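Reviewing the structure listed below.
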Amino acid sequence: NAGVTQTPKFQVLKTGQSMTLQCAQDMNHEYMSWYRQDPGMGLRLIHYSVGAGITDQGEVPNGYNVSRSTTEDFPLRLLSAAPSQTSVYFCASSATGGAAEAFFGQGTRLTVV
Amino acid sequence: AQSVTQLGSHVSVSEGALVLLRCNYSSSVPPYLFWYVQYPNQGLQLLLKYTSAATLVKGINGFEAEFKKSETSFHLTKPSAHMRDAAEYFCAVSDGGYSTLTFGKGTMLLVSP
């Protein structure tokens, strides 16, 4: 079972470059989210989606863009990378709202120089 | 608005000793509460969750947590620590809306021989 797959696992960007972090799930989950993890900060929600065509902002959305054209995929786009976006990014999916378990990908470690 | 406070960024125990990781939450509605574990360079894995069925929740790897509404707490315990329990532990709360999670800042559990 693949679960939630994130690519790439590691990436180094120069300031100002753009890139897309990929996230795919094979569990037919409606809910998908992106979090960033920084030392001492826990995980913070960037954007989330409750179904194809529906997205909304989380706690720290600035500098990121998302879209959800299919149930399976939820890419995260960095429009113009900044050093403050150096972080580990996690994608998660869950079947429904509320009490449903969230399944996490292995993460993408991004460094912006 | 919901929030989570985890007391202690690091907790050190000896192998065989009791593990106690503290979590207090704030929520305007009856919450769903979760504990996740993160091993080095991996994604998050669900340990256990509280969904209002029973106040004492048993999870994987011998962990359990007790929901105490009067104290707004959901502390994680394990009677006897193993070396393999060394990891970072995150408490999270969901308000049952769109299934996005609000995480605490995490507690690193260190287990010494």
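Computed from the coordinates by the stated procedures, all read-outs in this text should not be read as laboratory data. Predicted model, so just to flag it, every value in this text is computed and none were measured. Cβ coordinates were reconstructed from backbone atoms using ideal geometry, including for glycine residues, and neighbour counts include every protein chain displayed.
Quick notes on this structure:
- Placing unit charges on each Cβ (+1 for Lys and Arg, -1 for Asp and Glu) gives the protein assembly as shown a dipole about its Cα centre, and among B:Gln6, A:Pro61, A:Ala81 the Cα reaching farthest toward its positive end belongs to A:Ala81.
- Looking at the stretch B:1-98, the trypsin sites (Lys or Arg not before Pro) that sit in a DSSP loop and have at most 16 other Cβ atoms within 10 Å of their own Cβ are B:Lys69.
- Of all the options A:Pro75, A:Pro83, A:Pro39, the one that moves most in a Gaussian network model of chain A with Cα springs shorter than 10 angstrom is A:Pro39.
- Cα shape, the stretch B:37-100, gyration tensor, a/c 1.5 rule: oblate
- Principal axis analysis of the Cα atoms in chain B yields extents of 42, 28, 22 Å, listed in decreasing size.
- Remark on the protein assembly as shown: Rg and Dmax equal 17.5, 52 Å (Cα only).
- Max mean-square fluctuation residue, GNM over chain A, Cα-Cα springs under 10 Å, options A:Met32, A:Met41, A:Met19: A:Met41
- Given 14 as the ceiling on other Cβ atoms within 10 Å, longest exposed-site-free region of chain A for trypsin sites (Lys or Arg not before Pro) in DSSP loops: A:15-113
- For chain A, built as a Gaussian network whose Cα springs stay under 10 Å, the top-fluctuating residue of A:Val60, A:Val50, A:Val88: A:Val60
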